[in-house]
């Protein structure tokens, strides 16, 4: 058994301590080992070599016959083909008789949820008053369909879907034992395609071995599974990074020409976005020998963490809504165009500056230049003044002079992580072309390279100068914008609670009906008039 240690531990402890139940229910999706663990438990209960044990010998007659499927006291029933009440009554007629060979007579009923309501009633009577020599092992993929009266009389164990790493490890273990030549990427493809089912993984492995003449090769497994080339999806993400709408549409056309399954394409895209998040959050987590490692590393430099989270959510919703689209290609294309339309304020990979218009709407539009500004253009003839337009140098604070950072941050037009970074910083000072900020160590995770680059550029835009920004980590001496916002929220909440407590109507309700005010339910009114 692989990946079900929580079930094995509970069963082993019960067997070792002699705490046996008369009915066990194993639930879980297909192919995770429900009937397998039931057969193992049958051996534990009837082992002749070691007695009732959590380590059956596997060599005695009882163990051998159970493995071979011919143990007379293990009665296996497929409930899907025996749903009638007459079948159940016929099965249970012999419950009263002692086992022929083994210590216990065991009824293993697979897909038990398929029994009819009358069959459950017949089974329930036996579950209520079972003979000491009978054990019921029930397995189902849909426990919700079992009557609660049956569920309450069973010891229930839920077997979990297996993670790809566990499935891949088992495939590699089997391949090593069978001396099968395998590629690591081929194993990963099979583990992902199994979708949590070890039985499906082994079936796919057998199919791949036949397809690949006794070996598991990546390209052959990909061809067998009809897997999509990852290059297509990386090309789409690179088009998003560059803001290239035409390239994005051409990329979707390439997928259509390759007869891609667009639902699976979105699933694969979600996997890549997850890997990008890992690459940003935990540097070095992507293995050096990963075939896509270089492209992941490059792409992670062009998207910030908030942007990847947004893309992930759009892809997730796009896959969910795909069946409702006019056709799969249109649904996929719309999902990609939605990603392009709602992309956050990241730096495109072609080096051009293209922050979204809403992010800059709150302050005058200024050219992003590293040098001094160009001379202002002559004003129109109708202008009331011929004086040149004021430059941003009026915003520059002299060296070592304090700047109202709380007033400045909202004017920078930041969003996402870069805005959070600015809000959690304290203005320290400015020396020449260097601005120094300070932040608490608990917030250091916000200071990634992309966020610092955008904050620096926003300050250059605001002051219309070429500046550098130094962010130190240490104890703060003043309140940050984030702290001020949190304090304001707390004050509003406190005022709202005080207003509720002072309300005469609330007091009347308390006196008349013994009402209580639930503090957690009070929310301040955020209208400006309040």
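Here are a few things to note about the model shown:
- Residues located in the range 134-157, provided they are surrounded by fewer than 14 Cβ atoms within 10 Å (Cβ to Cβ) and farther than 21 Å from residue 78 by Cβ: 148, 149, 152
- The listed residue being without any contact (Cβ under 8 Å) to a residue 60 or more places away in the chain, in a loop (DSSP other than H, G, I, E, B) and crowded, with 19+ Cβ neighbours inside 10 Å, out of 131, 99, 56: 56
- The residue that is surrounded by the fewest Cβ atoms within 10 Å (Cβ to Cβ), counting only those in the range 171-194 that are out of contact with any helix residue (DSSP H, G or I) (no Cβ under 9 Å at 6 or more places or on another chain) and either assigned to a helix (DSSP H, G or I) or in contact (Cβ under 8 Å) with a residue 12 or more places away in the chain (or both), is 177.
- Residues being surrounded by 16 or more Cβ atoms within 10 Å (Cβ to Cβ) and either outside any helix (DSSP H, G or I) or in contact with a strand residue (DSSP E or B) (Cβ under 9 Å, 6 or more places away or on another chain) (or both) - total across the range 1-15: 5
- Residue 465 passes every criterion in (1) more than 24 Å from residue 415 (Cα to Cα); (2) at pLDDT 85 or above; (3) outside any helix (DSSP H, G or I) apart from (1).
- Filter pass, residue 256 being surrounded by fewer than 16 Cβ atoms within 10 Å (Cβ to Cβ), assigned by TED's automatic domain parsing to the domain that holds residue 327, in contact (Cβ under 8 Å) with a residue 60 or more places away in the chain and assigned to a helix (DSSP H, G or I): yes
- Listing of helices (runs of 4 or more DSSP H) fully contained in the range 275-361 that carry 2 or more residues being surrounded by fewer than 16 Cβ atoms within 10 Å (Cβ to Cβ) and at pLDDT 70 or above: 293-300, 305-321, 328-341
- Boolean, residue 66 is in a helix (DSSP H, G or I) and farther than 23 Å from residue 150 by Cβ: yes
- Condition check for residue 91: in contact (Cβ under 8 Å) with a residue 12 or more places away in the chain and touching a helix residue (DSSP H, G or I) at 6+ places or on another chain (Cβ under 8 Å): no
- Residue 202 under 25 Å from residue 36 (Cβ atoms), touching a residue at least 24 places away in the same chain (Cβ under 8 Å) and in contact with a strand residue (DSSP E or B) (Cβ under 7 Å, 6 or more places away or on another chain): no
- Screening residue 18 against (1) assigned to a loop (DSSP other than H, G, I, E, B); (2) more than 39 Å from the chain's Cα centre (by Cα); (3) over 23 Å from residue 131 (Cβ atoms) leaves a single unmet condition, (3).
- Residue match in the range 479-486 (condition: in contact (Cβ under 8 Å) with a residue 12 or more places away in the chain, closer than 29 Å to residue 433 by Cα and part of a strand (DSSP E or B)): no
- Residue check for residue 444: under 37 Å from the mean Cα position of the chain (by Cα), in contact (Cβ under 8 Å) with a residue 12 or more places away in the chain and not assigned by TED's automatic domain parsing to the domain that holds residue 300: yes
- Residues in the range 165-188 that are closer than 21 Å to residue 223 by Cα and within 19 Å of the chain's Cα centre (by Cα): 2 in all.
The values are calculated or read from the model by the stated rules, or taken from the named source; none is laboratory data. Computed from a predicted structure; not experimentally measured. No Cβ is skipped: glycine too gets one built from the backbone with ideal geometry, and neighbour counts run over all protein chains shown.
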